[in-house]
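One structure is given here, and the rest of the page talks about it.
The values are calculated or read from the model by the stated rules, or taken from the named source; none is laboratory data. Please read these numbers as outputs of a predicted model, since none were measured by experiment. We place every Cβ from the backbone using ideal geometry, glycine too, and count neighbours over all the protein chains shown. For accessibility, only protein heavy atoms count, side chains too; no ligands or nucleic acids. Shrake-Rupley method; radii C 1.70, N 1.55, O 1.52, S 1.80 Å.
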Amino acid sequence: MKRNILITGGAGFIGSHVVRLFVNKYHDYQIVNLDKLTYAGNLANLKDVENSGNYTFVRADIADLDDMRRIISQYKIDGIIHLAAESHVDRSIKDPFTFARTNVMGTLALLQAAKEYWESLPEKYDGKLFYHISTDEVYGALELTHPEGVAAPFTTKASSADDMAYGTEFFVETTKYNPHSPYSASKASSDHFVRAYHDTYGMPTLVTNCSNNYGPYQFPEKLIPLFINNIRHNKPLPVYGKGENVRDWLFVEDHARAIDLIFHKGNVAETYNIGGFNEWKNIDLIRVIISTVDRLLGNPAGHSERLITYVTDRLGHDMRYAIDSRKLQSELGWEPSLQFEEGIEKTVRWYLDNQEWLDNVTSGDYQHYYDDMYTAR
Ligand code: NAD
Ligand code: TYD
């Protein structure tokens, strides 16, 4: 079936994997990638699909309502997968306003533009979907009731052989929102607006909340790519606090596969949590990264452990995130494709093989290149 799908934030980390999957898999779809190309967005992430006939890139800011109206009607958009956001907690602590502007006002502008366009059509909302990508961070923080870890009560392919849980509670779809950081507060607000457009105007919307992603093309300000890059350059590895915080990690391509499945088979107005039951204490994860990088670089085992540097904790640092994704598994049959050890190995290899990408995205040159190429209208 022919469709015109708008993917926002497609030049970012997760968005680029979603765009690649859709462009390669759905030749009948016209995929419009809408991205502002902030520091986090790079068209280099999509080099392999940029010349595909079913792919178009549009540089725009989701917070610009007139632009959203124009683009949605120009491309006759009938489905939206909304990933564009400011996504880094540390930046949100320094500059919360940018997060409110993009994540809250931007999502609202996109919702309003889609509503106006879809309501203007004879078939209105039939066959349309506004799919909003959110995070498990909106649920707040879970307690570390088992700091040393206990055998995990649930398991999927994503978890490791000796998988652990660090508490008894997990985030489920009905967990009350309790965001703590400006980032998670802005995402929570955007989730509420999306659901409000369904409840008030009958707009077909859907929200998913995913755990921490890792994999190729992640901007090297986030833990995993930052640490791989720092180890390679013999730079300190800044561990916040005691390194005891727990995150639940999912390989980015498995998130993209879940998004594909949910976009096509998910029920309107539902929420699905996405995660692989794969909890890691930061310091344990950091040791896995160090040993993998050292091995692949031919360094003696433990060589880079000396780079571990404990630094002042992040303000309001959430202790533990852990997703219960059994609804998605049982209702839609999703399961991750990779074990964590395989995913980390693939990821470390990718960053070591793509030093040029790392150098480019951190150099600022790309930003100027985009600014010259897509001058403001
Ligand atoms: P990212 O920071 O790598 O990419 C964000 C993209 O959005 C960039 O390409 C950027 O240029 C674009 N963008 C930012 N502001 C924009 C604006 N005003 N208008 C248009 N485009 C804009 O983020 P990511 O890690 O790929 O996350 C994508 C989405 O998934 C976000 O909504 C995030 O909240 C959510 N999420 C991320 C994770 C994770 O671990 N990274 C986990 C769960 C959910
Ligand atoms: P991050 O990748 O920023 O993701 P999030 O904050 O969305 O979970 O951080 C993952 C964990 O690693 C988090 O507990 C903070 C910690 N961290 C460090 O200890 N040092 C760092 O330099 C970074 C970026 C993160």
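Apolar share of the accessible surface for the stretch 1-138: 54 percent from carbon plus sulfur atoms, 1.4 Å probe. For K94 and A196, a Förster radius of 35 Å and the Cβ-Cβ distance give a FRET efficiency of 0.75, rounded to the nearest 0.05. A probe of 1.4 angstrom, applied to the heavy atoms of all protein chains, finds I283 with accessible area near 20 square angstrom.
Going through the cross-link list K76/K265; K25/K124; K2/K25, which pairs have a Cα-Cα distance over 24 Å in this structure? Cα-Cα > 24 Å for K25/K124; rest within.
At the listed q of 0.20, 0.23 Å⁻¹, the Debye profile of the stretch 276-338, built from one uniform point per Cα, gives log10 I(q)/I(0) equal to -0.90, -0.98. Loop-resident GluC sites (Glu not before Pro) (DSSP state other than H, G, I, E or B) in the stretch 93-146 with no more than 12 further Cβ atoms inside 10 Å of their Cβ: E123, E143. For the Cα trace of the stretch 1-127, dividing Rg by the Kirkwood Rh returns an Rg/Rh value of 0.98. If R0 equals 41 Å, the separation of the Cβ atoms of H264 and R295 corresponds to a calculated FRET efficiency of about 0.55. Within the shell of other residues whose beta carbon sits under 10 angstrom from the beta carbon of N209, the net charge comes to -3, with Lys and Arg scored +1 and Asp and Glu -1.
Placing a label point 7 Å from the Cα of S330 along the Cα-to-Cβ line, the residues of the stretch 151-181 whose backbone N sits under 16 Å from it are 153-156, 170-175. In straight Cα distance, which lysines are under 16 Å from K281, not counting same-chain residues fewer than 8 positions off? The reachable lysines, counting only those whose Cα sits under 16 Å from K281, are K222, K242.
Annotation for the stretch 308-351 versus the stretch 54-71: alpha-carbon center distance of 31 Å.
Protein heavy-atom accessible surface, 1.4 Å probe, per residue over the stretch 178-252: 32 Å². Please list, by residue number, every one of the trypsin sites (Lys or Arg not before Pro) in the stretch 157-235 that is coil in DSSP and has at most 12 other beta-carbon atoms within 10 Å. Filter output for the stretch 157-235: K176. Taking all protein chains into account, the per residue accessible area for the stretch 51-156 stands at 42 Å² (1.4 Å probe). The listed residues D126, D61 rank as D126, D61 when sorted by accessible area, largest first, using a 1.4 Å probe.
Over all alpha-carbon pairs in the stretch 233-377, figure out the percentage whose distance exceeds 28 Å. Within the stretch 233-377, distances greater than 28 Å cover 40 percent of Cα pairs.
Helix screen, the chain: DSSP H segments with Cα axial length of 20 Å or more and mean Kyte-Doolittle hydropathy at least -1.0 are 182-201, 282-297.
Note on the chain: percent of Cα-Cα distances in each 10 Å bin, starting at 0 and stopping at the bin with the largest distance, equals 5, 24, 35, 25, 10, 2, 0. Ligands, DNA and RNA left out, the 1.4 Å accessible surface of the stretch 193-238 is 51% carbon and sulfur atoms.
Per residue, the convex hull around the alpha carbon atoms of the stretch 189-292 comes to 125 Å³.
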